[in-house]
Amino acid sequence: MAHQHAAGLAELRAARSESRKLYWAVGVFSFFANLLMLTGPIYMLNVYDRVLGSRSIETLIALSAIVAFLYGMMGLMDYVRGRVMGRAGARFQSRLDKRVFDAVMQMASRGAAPARNTGLNNLEAVQRVMTSPVLMALFDMPWTPLFLAGIFIFHPWLGMLALGGGVLLILVTLINQWTTRRPVTESNSKSARATHIARQLSDDAEMVQAMGMTKAAYTRWMGARQEALSATISSSDLTGTFTAMTKSLRLFLQSAMLGLGAYLVLQNELTAGAMIAGSILLGRALAPVEQAIGQWAMVQRGQQGWASLAELLTVVPVAQPRTALPRPDAVLDVQEATIIPPGQKAAALRMISFTVKPGQAVGVIGPSGAGKTTLARALTGVWPPAGGKIRLGGAALDQYEPEVLGQHVGYLPQRVQLFDGTIKDNIARMMMNADDAQVVAAAKSAAAHEMIVGLPDGYDTIVTAGGGRLSGGQIQRIGLARALFGDPVVVILDEPNSNLDNEGSMALNAAIKTLKAEGRAVLVMAHRPAAIQECDTVLMIEGGLKKAFGPKDEVLGKVVANAKALAQKSKGGVT
């Protein structure tokens with residue numbers, strides 16, 4: 001596993017090593033904090049062995065003042081190292097935020113949509129471990145042998161008891177790790193599945209309610225929820241068992257230390273102060289182990305997140321910087337392109353070739369499943385071709401930075417999705433501080449300006465991912481305006497009139513006509529003839545293959561002639 005994800009692991013370690021100086025600082029503060037933990041045992045040793053024997057109040061006051069100062073310094077060291085570690089975790093997360101976000105988006109575009117948020121959640125899980133007290137326990141654990149050595153100095157029997165108890169706690173820790181790994185993983189997996197089902201249902205809540213699916217949807221979600229809850233309870237019970245066992249064992253060991261120390265005091269082999277100091281030292285020595293066991297579920301979640309991030313960053317490597325290209329001409333050249341959708345083995349399009357020139361509108365027609373939407377996604381650069389090339393302005397699409405390519409290509413998907421924000425935000429592709437004039441210009445090009453200003457708040461109307469109160473046709477026209485924002489050279493419209501009424505279809509045709517006049521290349525994937533009214537060229541796809549490409553009347557004439565011939569043949573066969 002580590003070898004398979006070596007690239008991702010190297011990237012994670014590089015991000016973590018950027019805070020190496022902070023880790024060293026935490027180590028230095030931990031050194032002094034743990035050194036100051038000896039304050040309590042030394043204080044008790046002096047109180048029992050000197051103050052009580054001498055009955056000197058002045059000595060007690062002096063010792064207490066020194067101890068108060070030292071405890072204050074210890075608290076300061078703990079506070080400072082916690083803040084430093086918090087900043088190391090924040091630096092790690094901020095260093096990888098964009099990288100992981102981009103990788104998640106690429107995986108989602110490849111068809112891994114159900115896991116779209118797991119990469120970011122995994123990054124947060126790792127960051128939480130880095131800033132949690134359990135990581136401080138790792139800095140404290142090296143001091144455990146020193147505290148045990150101090151107990152040996154008091155008396156070998158006490159040292160043997162402490163050492164045996166420490167070994168026993170470590171064994172409990174290892175057993176805890178071994179037995180809880182699978183239940184915790186199963187619990188996290190089932191919880192993620194239940195959350196995903198709930199998100200799916202909430203996204204389509206209107207359809208679920210309209211079709212009377214609420215009860216069935218609740219039953220299905222509840223089944224997944226109960227499985228997740230059961231797995232969580234089992235995992236929690238198992239983890240809680242080890243936590244309680246560890247706490248009980250540590251308290252027993254401290255009491256056993258006192259009991260054995262009392263026996264040694266009675267045998268005149270130990271002083272009362274050493275007995276109390278040994279018990280305190282044992283608690284200090286075993287505290288990091290107990291803390292690690294108590295937060296082991298968080299540690300395991302962080303380990304899973306680390307492994308998943310390594311896999312994600314390996315599958316989606318860092319994009320190499322590309323040479324900035326000038327704004328391309330509106331020439332889209334597809335050269336024997338073969339497209340295999342993500343997650344599939346069979347090609348949806350095979351050896352497709354055609355060229356779209358500036359001012360040309362091409363209608364792409366064909367039966368359902370012919371590959372029209374696949375072609376649209378390939379032309380936007382989202383699905384790279386498995387063979388052949390797709391060129392824009394003479395350069396292959398992969399020669400453009402994805403962000404730059406998106407500025408040159410306007411895309412209206414088959415299912416338009418709005419984002420939480422205003423209509424202006426959605427048209428401006430969620431750009432911060434977008435130019436109002438450009439937004440209005442895009443809306444006018446899409447013939448949506450009048451429709452938008454007719455809304456109560458116009459361009460400042462708040463919409464949600466589901467569209468809010470907007471109709472399907474209004475959402476479609478806002479999506480078209482978004483596709484035209486930023487002056488793209490190529491515009492790809494996938495079923496653009498699927499939700500449009502007659503007025504919307506007329507507005508769409510007017511927009512296509514304007515785009516042609518402006519010298520842009522336009523492709524319209526369509527089932528309905530009205531959508532290709534302004535197209536002068538038609539590409540027909542059937543079974544993933546190009547069946548015809550040429551002037552609209554010529555291609556449609558062939559389609560009609562073939563349809564009539566098939567009808568005649570079918571009729572003749574029947575008779």
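Taking R0 as 25 Å, what FRET efficiency do you get between Trp157 and Ser54 from their Cβ-Cβ distance, rounded to the nearest 0.05? Present the calculation step by step, with values, prior to reporting the outcome.
On the way: r = 28 Å, r/R0 = 1.13.
In this case the efficiency is close to 0.30.
What percentage of the solvent-accessible surface of segment 435-553, computed with a 1.4 Å probe over protein heavy atoms, is contributed by carbon and sulfur atoms? Walk me through the numbers before you get to the answer.
Numbers: 2560 of 5020 Å².
Here carbon and sulfur together make up 51 percent of the probe-accessible area.
Report, to two decimal places, the Cα Rg of segment 205-279 normalised by 2.2 N^0.38 Å (N = number of residues). Before the final figure, lay out the partial values.
Working: Rg = 27.8 Å, N = 75, 2.2 N^0.38 = 11.3 Å.
Compactness ratio reported: 2.45.
At 0.36 nm per residue, minus the direct Cα-Cα distance, what do Met245 and Ser189 gain on full extension? Give it in nm, one decimal, please. Spell out each step's value before the answer.
Values: separation 56, 0.36 × 56 = 20.16 nm, distance 2.70 nm.
Length difference between fully extended and current span is 17.5 nm.
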Q) How many times 2.2 N^0.38 Å is the alpha carbon radius of gyration of segment 259-385? A) 2.48
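Can you pull the Rg over Rh of segment 334-474, Cα-only, Kirkwood? Could the numbers behind the result be given before it?
Details: Rg = 17.6 Å, Rh = 17.3 Å.
My calculation puts Rg/Rh at 1.02.
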Q) Tell me, what % of the accessible area of segment 61-107 is carbon and sulfur with a 1.4 angstrom probe? A) 71
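Which loop chymotrypsin sites (Phe, Trp or Tyr not before Pro) in segment 64-156, with loop taken from DSSP, have no more than 12 other Cβ atoms within 10 angstrom of their Cβ? Spell out each step's value before the answer.
Working: sites: Phe69, Tyr71, Tyr79, Phe92, Phe101, Phe139, Trp143, Phe147, Phe152, Phe154; in loops: none.
Those that pass, being in a loop and sparsely packed, number zero.
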Q | Folded to 0 to 90 degrees: helix 144-154 orientation relative to the chain principal axis, Cα | A | 10
Q) Expressed as a whole number of Å, what is the distance separating the alpha-carbon centroids of segment 454-499 and segment 241-291? A) 71
Q: Apply the Karplus parameterisation 6.51 cos²θ - 1.76 cosθ + 1.60, with θ equal to phi minus 60°, to every residue of segment 118-123 and state each ³J(HN,Hα) to the nearest whole Hz, in sequence, with x for glycine and proline.
A: 5, x, 5, 5, 5, 5
Q.
From the Cα trace of segment 409-476, what convex hull volume per residue do you get, rounded to a whole Å³?
A. 89
Q) Of Pro402, Ala348, Pro384, whose Cα points farthest to the positive end of the dipole of segment 348-408 (charges on the beta-carbon: +1 Lys, Arg; -1 Asp, Glu; origin at the Cα centre)? A) Ala348
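How big is the Rg/Rh ratio for segment 297-364, C-alpha atoms only, Rh by Kirkwood, two decimals? Walk me through the numbers before you get to the answer.
Numbers: Rg = 20.5 Å, Rh = 16.8 Å.
My calculation of the ratio gives 1.22.
Quickly estimate the mean residue ellipticity at 222 nm for the chain, helices only: each DSSP H run with n ≥ 4 gives -39500 (n - 2.57), and the total goes over all residues, rounded to 500.
Working: 20 runs with 359 residues, N = 575.
One gets -21000 deg cm²/dmol as the mean residue ellipticity at 222 nm.
Can you pull the Rg over Rh of segment 439-534, Cα-only, Kirkwood? Could you put the intermediate results ahead of the total?
On the way: Rg = 12.8 Å, Rh = 13.5 Å.
Using only Cα positions, Rg/Rh for segment 439-534 is 0.95.
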Q. Out of residues 5 or more away from Lys547 or on other chains, whose amide H comes under 5 Å of its own, with H placed 1.01 Å from N in the peptide plane?
A. Met540, Ile541, Glu542
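For Glu18 and Lys513 in one chain, what is 0.36 nm times their gap in residues minus the Cα-Cα distance, to one decimal in nm? Write out the running numbers ahead of the final one.
Working: separation 495, 0.36 × 495 = 178.20 nm, distance 5.45 nm.
Answer, rounded to one decimal: 172.8 nm.
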Q: Quick one, can you get me the convex hull of the C-alpha atoms of segment 37-171 expressed as volume per residue in Å³?
A: 129
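Could you give the Stokes-Einstein D for segment 465-521 in µm² per second, using the C-alpha Kirkwood radius, 4 °C, 1.567 mPa s? Mind showing how you got there, number by number?
Details: Rh = 12.0 Å.
Here the translational diffusion coefficient equals 108 µm²/s.
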Q: Pull up all non-local amide H partners of Val362: gap of 5 or more, or a different chain, and H-to-H distance under 5 Å with H placed in the peptide plane.
A: Val522, Leu523, Val524
**Q.** Span per principal axis, largest first, for the Cα atoms of segment 399-443 (Å)
**A.** 33, 25, 18
**Q.** Three principal axis lengths of segment 1-77 [C-alpha, angstrom, descending]
**A.** 69, 22, 11
Q) Which value, in Å to one decimal place, does the Kirkwood hydrodynamic radius take for segment 123-268 when every pair of different Cα atoms is included? A) 19.5
Q.
In the chain, if the dipole is taken from +1 on Lys/Arg beta carbons and -1 on Asp/Glu beta carbons about the Cα centre, which of Met213, Gly550, Ala526 is farthest to the positive end?
A. Gly550
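Using the alpha carbons of the chain, what is the convex hull volume per residue in cubic angstrom, as a whole number? List each step's numbers first, then the result.
Working: hull volume 127.5 nm³, N = 575.
It comes to 222 Å³ per residue, whole-number rounded.
The values are calculated or read from the model by the stated rules, or taken from the named source; none is laboratory data. None of these values were measured; they are calculated from a predicted model. Neighbour counts are summed over all protein chains in view; Cβ atoms, including those assigned to glycine, are modelled from backbone coordinates with ideal geometry. For the accessible areas, the whole protein counts, side chains as well, though only heavy atoms, and no ligand, DNA or RNA atoms are used. Shrake-Rupley method; radii C 1.70, N 1.55, O 1.52, S 1.80 Å.
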